[in-house]
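Chemist: Let me give you the structure first, and then I'll get to my questions.
The values are calculated or read from the model by the stated rules, or taken from the named source; none is laboratory data. In this text, all values refer to a predicted model and were calculated from it rather than measured experimentally. Positions of Cβ are backbone-derived with ideal geometry, glycine not excepted, and every protein chain shown enters the neighbour counts. Side chains included, ligands, DNA and RNA excluded: accessible areas come from the protein's heavy atoms. Shrake-Rupley method; radii C 1.70, N 1.55, O 1.52, S 1.80 Å.
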Amino acid sequence: MALALFDLDNTLLAGDSDHAWGDFLCRHGIVDGDAYKARNDEFYQDYLSGKLDIREYLNFCLAVLGEHPQEQLDAWHAQFMAECIEPIILPAGEALLTKHRAAGDTVLIITATNRFVTGPIARRLGVEHLLATECEQADGRYTGRTTDVPCFREGKVERLARWLKDTGHSLEGSYFYSDSHNDLPLLQQVSTPVAVDPDDTLRAQAEQAGWQVISLR
């Protein structure tokens, strides 16, 4: 039984759930629209170009979680799922998940996007195992801060290594599907790295290394 790892944003989804959540907050007046959107867009461009300061970004995007009770956040997230996530779930991605399950593989989503945003998405996709950037909680609500190692770049390798040790799984025969050059540290660790609708940097690396390149769109 092999381990099949999947990035989420722009891999199983035809878009970025983290950025989409920020846009959702702006569109519904939950945050200061113009200022928040400008900063959110700036961080997203930094991510695409490989220059993202993950700690600075997390301080920005998680702050809103600390400003509202859990019940309100959950209600907004349900609306976010219907408006923003359902339309960008890729049927070919769901089919690939089904293919790995049918082969007896263990499926895991590993994403830099925080668990508040991605937990319900993983459940919607029927994926039990999720490694995501963690959101600190205290007294039944979010603090607006992160905790643990951010699940980003080399952090994905670190978080996965810990998960493997805790669960007894290994990377022997493993797969990892991703669109982003930010995931090169983990792609280089697995048995079968697969570039999915990759950015230009990842495509060049994949072609040079002879990795499989596929499209789920």
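Chemist: For the chain, what are the per-bin percents of Cα-Cα distances with bins 10 Å wide, up to the bin holding the maximum?
Modeler: Spelled out per bin, shortest first, that is 8, 34, 38, 17, 3, 0.
Chemist: How high is the relative contact order of the chain? Use alpha-carbon pairs under 8 Å, at least six apart in sequence, and give a whole percent.
Modeler: Values: 342 pairs, mean separation 55.4, N = 217.
Answer for the chain is 26 percent.
Chemist: Under the rule of at least 5 residues apart or a separate chain, name every residue whose amide H is placed under 5 Å from the amide H of THR146.
Modeler: Close amide H contacts, sequence-distant or interchain: GLU136.
Chemist: State the percentage of accessible surface on the range 17-85 attributable to carbon and sulfur atoms; use a 1.4 Å probe and exclude ligands, DNA and RNA. Mind showing how you got there, number by number?
Modeler: Working: 1680 of 3340 Å².
Carbon and sulfur: 50 percent of the exposed surface of the range 17-85.
Chemist: Could you state the accessible area per residue of the range 87-217 in Å², with a 1.4 Å probe and every protein chain left in place? Write out the running numbers ahead of the final one.
Modeler: On the way: 6070 Å² over 131 residues.
That works out to 46 Å² per residue.
Chemist: Turning to a different aspect of this structure: Per residue, how much accessible surface does the range 17-85 expose to a 1.4 Å probe? Answer in Å², no decimals. Before the final figure, lay out the partial values.
Modeler: Working: 3340 Å² over 69 residues.
In whole numbers, the range 17-85 has 48 Å² accessible per residue.
Chemist: Given H placed on each backbone N at 1.01 Å, which residues far from THR113 in sequence or on other chains put an amide H within less than 5 Å of it?
Modeler: Placed amide hydrogens put THR133 under 5 Å from THR113.
Chemist: Can you list the HN-Hα couplings for the range 60-76, worked out from phi with the Karplus curve (6.51, -1.76, 1.60; θ = phi - 60°), rounded to whole Hz and with x for Gly and Pro?
Modeler: 6, 7, 8, 4, 5, 5, x, 9, 9, x, 4, 4, 5, 4, 5, 5, 4
Chemist: Using alpha-carbon pairs under 8 Å, 6+ residues apart, how would you state the relative contact order of the range 12-69 in percent?
Modeler: Working: 22 pairs, mean separation 14.0, N = 58.
It rounds to 24 percent for the range 12-69.
Chemist: Considering only DSSP beta bridges with both partners in the chain, what is the antiparallel share in %, to the nearest 5? Mind dumping the intermediate values first?
Modeler: Numbers: 5 of 23 bridges.
That works out to approximately 20 percent antiparallel.
Chemist: Whole-Hz ³J(HN,Hα) for each residue in the range 210-217, computed from phi via Karplus 6.51 cos²θ - 1.76 cosθ + 1.60 with θ = phi - 60°, x for glycine and proline: what do you get?
Modeler: x, 6, 5, 10, 10, 10, 10, 9
Chemist: Follow-up. Sorted by packing (mean other beta-carbon atoms within 10 Å per residue), highest first, where do 1-11, 129-139, 81-91 land?
Modeler: Numbers: 1-11: 22.9, 129-139: 17.2, 81-91: 14.5.
Packing proxy ranking, top to bottom: 1-11, 129-139, 81-91.
Chemist: Still on this structure, please answer the following. Can you list the residues, at least 5 places off or on another chain, whose amide H is less than 5 Å from the amide H of ASP179, using H built in the peptide plane?
Modeler: Placed amide hydrogens put VAL196 under 5 Å from ASP179.
Chemist: Send over the Kirkwood Rh of the range 17-85, from the inverse of the averaged 1/r over different Cα pairs, rounded to one decimal Å.
Modeler: On the way: mean 1/r = 0.0797 Å⁻¹.
Value: 12.6 Å, from the Cα pair sum.
Chemist: What are the ³J(HN,Hα) couplings of the range 115-124, residue after residue, when phi is run through the Karplus curve with 6.51, -1.76, 1.60 and θ = phi - 60°? Round to Hz, x for glycine and proline.
Modeler: For the range 115-124, the Karplus-derived couplings read 5, 4, 6, 8, x, x, 5, 4, 5, 4 Hz, x marking Gly and Pro.
Chemist: Please name which of LEU108, ALA63, LEU73 has its Cα lying farthest along the dipole of the chain towards the positive end, using unit charges on Cβ (Lys, Arg +1; Asp, Glu -1) and the Cα centre as origin.
Modeler: The Cα lying farthest towards the positive end belongs to LEU108.
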